[in-house]
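K.L.:
Got a structure for you, written out below as structure tokens; questions coming shortly.
The values are calculated or read from the model by the stated rules, or taken from the named source; none is laboratory data. The model shown is predicted, which means the values in this text are computed figures rather than measured ones. In this analysis, Cβ positions are derived from the backbone assuming ideal geometry, glycine residues included, and neighbour counts consider all displayed protein chains.
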């Protein structure tokens, strides 16, 4: 069975996926990893949409802060969509391979979008989307960064985190709308304990939470 977990960045997809891996011995792959593989075999000329956020991440922090605080969130979501369409080529190939080999696998990441998952009718799969449209998600992002010494967001300003949280909120609303459009479940994380969300995700994917 192919399991998919989609949603905006910074809502806990990787943490939940790791819980599933530990409890159910399901292999997990991130769309970030598959995108990184594509970046090594494709060029900016052949797939420019794939390299938008790579360029962003290489910018000096001051420029990143300026961009994310001045850019319309809808434009950033469109960048994510375009990048996801490129990454999905690798996701689709991975799913086909795992399905042919009869292996269970969980694919998680921002590139798991409802419109792309809707194309998987020929493969047995289960999917759920999560998001956080709360006003206080900024604090969640800050706390998550504080406990991970490798997290680059530990050193960014409150202004940057506030802008990023607004982007997550807007993208969560977009994901919820798209999930409803294609008949997929969306789980809103605001005002929910994280462990409860994890259990809901497992239940939605047909997996035991115990």
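K.L.:
Being closer than 24 Å to residue 170 by Cβ, in a loop (DSSP other than H, G, I, E, B) and modelled with pLDDT of 75 or more is the filter here; which residues of the stretch 25-81 pass it?
P.N.:
72
K.L.:
When you look at residue 183, is it without any contact (Cβ under 8 Å) to a residue 12 or more places away in the chain, on the phi > 0 side of the Ramachandran plot and out of contact with any helix residue (DSSP H, G or I) (no Cβ under 8 Å at 6 or more places or on another chain), yes or no? I'd like the intermediate steps shown before the answer.
P.N.:
Details: without any contact (Cβ under 8 Å) to a residue 12 or more places away in the chain: yes; on the phi > 0 side of the Ramachandran plot: yes; out of contact with any helix residue (DSSP H, G or I) (no Cβ under 8 Å at 6 or more places or on another chain): yes.
Yes.
K.L.:
To continue, here is another question. Of everything in the stretch 134-146, what is in contact with a helix residue (DSSP H, G or I) (Cβ under 9 Å, 6 or more places away or on another chain) and either in a helix (DSSP H, G or I) or crowded, with 16+ Cβ neighbours inside 10 Å (or both)? Give them in sequence order.
P.N.:
Hits for the stretch 134-146 are 134, 137, 138, 139, 140, 141, 142, 144, 145, 146.
K.L.:
Condition first: over 19 Å from residue 109 (Cβ atoms) and surrounded by fewer than 18 Cβ atoms within 10 Å (Cβ to Cβ). Now tell me which residues in the stretch 147-172 satisfy that.
P.N.:
Across the stretch 147-172, the qualifying residues are 147, 149, 154, 155, 157, 158, 159, 162, 166.
K.L.:
Let me ask something additional. Of all residues in the stretch 184-208, count the ones that are over 20 Å from residue 138 (Cβ atoms) and part of a helix (DSSP H, G or I).
P.N.:
Result for the stretch 184-208: 9.
K.L.:
May I ask you to say which residue of 102, 109 is on the phi > 0 side of the Ramachandran plot and surrounded by fewer than 17 Cβ atoms within 10 Å (Cβ to Cβ)?
P.N.:
Residue meeting the stated conditions: 102.
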